[in-house]
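Visitor: Take this structure, written in structure tokens, and hold onto it; I'll ask about it next.
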Amino acid sequence: MTLSVSVFSIGPMGNNSYLIYDPQINQGVVIDPSFGSKLIMNEAVRMGLQITAIWLTHAHFDHIAGVAELVSSPDSSIPINIHPKDLKLYQQNGGADEFGLTIAPGPTPTSFFEHGQLLQIGANTFEVRHTPGHTPGHVVFYSASERLVFCGDLIFQNGIGRTDLPGGSFAELVNSIQTQIFTLPPETRLLPGHGSDTTVEEEREGLSAY
């Protein structure tokens, strides 16, 4: 196994922000940096890791609140990656104003994800899967070799993502889960944006009604 995963449960909404890296080359990426993500940068520095990118599963404010913190560090050239259908939401600070919150605006994203795109962290390959429903541009990151998915707010342990916010769609969310998650091997681990990790098998049984 060449992939290491550190999870940071941070922010007022209990977000799971992830630092994933290949210790053989001391490089990694941050997924969904939330409030207080300076902790992630400090940990990366402590371990001697270079953060080479920020991957956003979607643009809700609690998943992008730490972007500005990360890119204001000495390594200010960190690329920011998002699906184009969530760009408008990103530019609106993830809807923070609607919840009476303020976040520091992040820089313009560097590049945009496409469904089926392959990403590399050292020897580790991740497939981008477009999974709309929670937001129009929601994506997940699937590693077949490590049998895990970073699934944002698409699916949780014993639950699914909200669809009552602007751009949400229950029908699209269910379709995304059925076609992009439940078709994976049953032992595949699901690492969500909130709460404990789970597996495809566990959630397929619990959500069979969908």
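Visitor: Under the condition of being among the hydroxyl-bearing types (Ser, Thr, Tyr), closer than 23 Å to Leu101 by Cβ and surrounded by fewer than 20 Cβ atoms within 10 Å (Cβ to Cβ), which residue from the range 49-78 is modelled with the highest pLDDT?
Guide: That would be Ser72.
Visitor: Return the residues of the range 160-210 that are crowded, with 20+ Cβ neighbours inside 10 Å and assigned to a helix (DSSP H, G or I); say none if nothing qualifies.
Guide: Residues satisfying the conditions are Leu173, Ser176, Ile177, Gln180, Ile181, Val200, Glu203.
Here's the yes/no breakdown for (1) more than 22 Å from Ser6 (Cβ to Cβ); (2) at pLDDT below 95:
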{"site": "Glu127", "(1), (2)": "no, no"}
{"site": "Gly133", "(1), (2)": "yes, no"}
{"site": "Phe182", "(1), (2)": "yes, no"}
{"site": "Arg189", "(1), (2)": "no, no"}
{"site": "Pro192", "(1), (2)": "no, no"}
{"site": "Gly206", "(1), (2)": "yes, yes"}
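Visitor: Here is a further query. Please enumerate the residues belonging to the range 138-159 that are out of contact with any helix residue (DSSP H, G or I) (no Cβ under 6 Å at 6 or more places or on another chain) and outside any loop (DSSP other than H, G, I, E, B).
Guide: Selection gives Val139, Val140, Phe141, Tyr142, Ser143, Leu148, Val149, Phe150, Cys151, Gly152, Phe156, Gly159.
Visitor: Scan the range 87-103 and give yes if some residue there is crowded, with 22+ Cβ neighbours inside 10 Å and either more than 16 Å from the chain's Cα centre (by Cα) or among the polar types (S, T, N, Q) (or both), otherwise no.
Guide: Step one: filter the range 87-103 for residues crowded, with 22+ Cβ neighbours inside 10 Å, giving 89-90, 94.
Okay, now just the ones that are also either more than 16 Å from the chain's Cα centre (by Cα) or among the polar types (S, T, N, Q) (or both), so none.
For the range 87-103, residues crowded, with 22+ Cβ neighbours inside 10 Å and either more than 16 Å from the chain's Cα centre (by Cα) or among the polar types (S, T, N, Q) (or both): absent.
Visitor: When the range 142-159 is examined, which residues are found to be hydrophobic (A, V, I, L, M, F, W, C) and loosely packed, with under 15 Cβ neighbours inside 10 Å?
Guide: Selection gives Ala144 alone.
Visitor: Pick from the range 30-48 the residues that are surrounded by 21 or more Cβ atoms within 10 Å (Cβ to Cβ) and either among the hydroxyl-bearing types (Ser, Thr, Tyr) or not in a helix (DSSP H, G or I) (or both): which of them is modelled with the lowest pLDDT?
Guide: Filtering the range 30-48 for residues that are surrounded by 21 or more Cβ atoms within 10 Å (Cβ to Cβ) and either among the hydroxyl-bearing types (Ser, Thr, Tyr) or not in a helix (DSSP H, G or I) (or both), the one modelled with the lowest pLDDT comes out as Ser37.
Visitor: Search the range 6-29 for residues being among the aliphatic types (A, V, I, L, M) and surrounded by fewer than 18 Cβ atoms within 10 Å (Cβ to Cβ), and hand back the single one that is modelled with the highest pLDDT.
Guide: The extreme case among them is Val7.
Visitor: I'd like to verify a number: residues in the range 109-129 that are within 12 Å of Ile82 (Cβ to Cβ) and under 13 Å from the mean Cα position of the chain (by Cα), how many?
Guide: Summing the residues that are within 12 Å of Ile82 (Cβ to Cβ) and under 13 Å from the mean Cα position of the chain (by Cα) in the range 109-129 gives 2.
The values are calculated or read from the model by the stated rules, or taken from the named source; none is laboratory data. Here the structure is a predicted model, which means the values were calculated and not measured. Note that we place each Cβ from the backbone using ideal geometry, even for glycine, and neighbour counts take in every protein chain shown.
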